[in-house]
Amino acid sequence: MTYILQHIDIRYEIVSLERTEVPQYPETALREAVVNAVMHRDYSDASGDVMVEIFRDRITVSNPGGLVSWLRREDFGKYSRTRNRVIASLLMRTLYVEKMGTGILRINRALAEAGLAPAEFQFDEYNFSVTLAAGPQKTSQKTSQKILAAMAENPSVTIAELADMCEVSTRAIQYHIKALQAKGQIGRIGPDKGGHWKVV
């Protein structure tokens with residue numbers, strides 16, 4: 001986790017006297033992906049290792065060993081079946097595992113709250129991987145349109161108000177605003193407090 005956080009983008013939010021560091025990907029999703037790979041890999045396969053590949057637009061965590069033989073493909077994400085009971089038992093006693101069988105749900109929930117697309121899971125008989133993309137959700141276009149409409153109607157609308165309107169987190173709104181500003185579709189006139197939005 002230390003290595004990953006050193007090699008992904010970090011942005012800073014200042015909402016009080018102290019700034020808050022916000023990583024490019026939510027730490028919860030990253031931690032779950034890594035812990036799942038360590039917990040569920042096939043340790044009898046010495047031809048590969050748990051791998052973390054960091055790209056500009058995504059992170060892929062992979063491990064040897066596909067789904068356990070007693071879990072059907074159509075049941076993936078519905079039930080939890082561990083390959084390594086001793087390792088799973090040990091990890092359950094640490095701070096890294098909150099509840100067995102909730103990793104996939106927690107990954108996608110954290111990504112959604114950050115305004116990112118759901119994780120992509122790929123597996124066959126021998127390998128398993130999860131990819132976290134840095135891009136927005138597929139519904140981002142609809143969310144962006146709602147933001148533009150709200151800003152046009154009320155240039156003083158706040159991020160919290162936009163989050164309520166769009167039914168997403170404030171972090172997701174900030175992600176969309178940053179993207180809209182990068183495209184030149186909106187601008188900020190004046191300071192954060194007392195300023196207003198301009199839709200171009």
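Couplings for region 186-198, taken from phi via the Karplus curve 6.51 cos²θ - 1.76 cosθ + 1.60 with θ = phi - 60°, read 9, x, 10, 9, x, x, 4, 9, x, x, 8, 8, 10 Hz in order; Gly and Pro are left as x.
For a straight C-alpha distance cut-off of 13 angstrom, no aspartates and glutamates are reachable from LYS183 once same-chain residues fewer than eight places away are disregarded.
Within the accessible surface of region 39-163, defined with a 1.4 Å probe on protein heavy atoms only, the carbon and sulfur portion equals 52 percent. Over all projection directions, the Cα-based convex hull of region 45-200 averages an area of 12.0 nm². Taken one residue at a time, the phi angles of region 111-125 give Karplus couplings (6.51, -1.76, 1.60, θ = phi - 60°) of 5, 4, 5, 8, x, 9, 5, x, 5, 10, 9, 10, 7, 9, 6 Hz. Gly and Pro are set to x.
Could you report region 52-195's accessible area per residue, 1.4 Å probe, as an integer in Å²?
Numbers: 8960 Å² over 144 residues.
Computed with neighbouring chains in place, this is 62 Å² per residue.
Ranking GLN185, ALA110, VAL22 by Cα position along the charge dipole of the chain, where only Lys, Arg, Asp and Glu carry charges on their C-beta atoms, puts GLN185 farthest toward the positive end.
At a threshold of 8 angstrom on Cα-Cα distance, excluding pairs fewer than six apart, so keeping six or more, what relative contact order does region 1-84 reach in percent? Provide the component values of the computation, followed by the final result.
Numbers: 83 pairs, mean separation 18.6, N = 84.
Computed value for region 1-84: 22 percent relative contact order.
3J(HN,Hα) along region 166-181, derived from phi through the Karplus expression 6.51 cos²θ - 1.76 cosθ + 1.60 where θ = phi - 60°, amounts to 8, 6, 9, 6, 5, 5, 5, 4, 4, 4, 5, 4, 4, 5, 5, 5 Hz, with x in place of Gly and Pro. Contact order, relative form, for the chain: 17 percent (alpha carbon pairs under 8 Å, 6 or more residues apart, mean separation divided by residue count).
The values are calculated or read from the model by the stated rules, or taken from the named source; none is laboratory data. Source: prediction; values computed, not measured. Every residue, glycine as well, gets a Cβ built from its backbone with ideal geometry; the counts of neighbours run over all protein chains shown. SASA here: full protein model, heavy atoms, side chains in, ligands and nucleic acids out. Shrake-Rupley method; radii C 1.70, N 1.55, O 1.52, S 1.80 Å.
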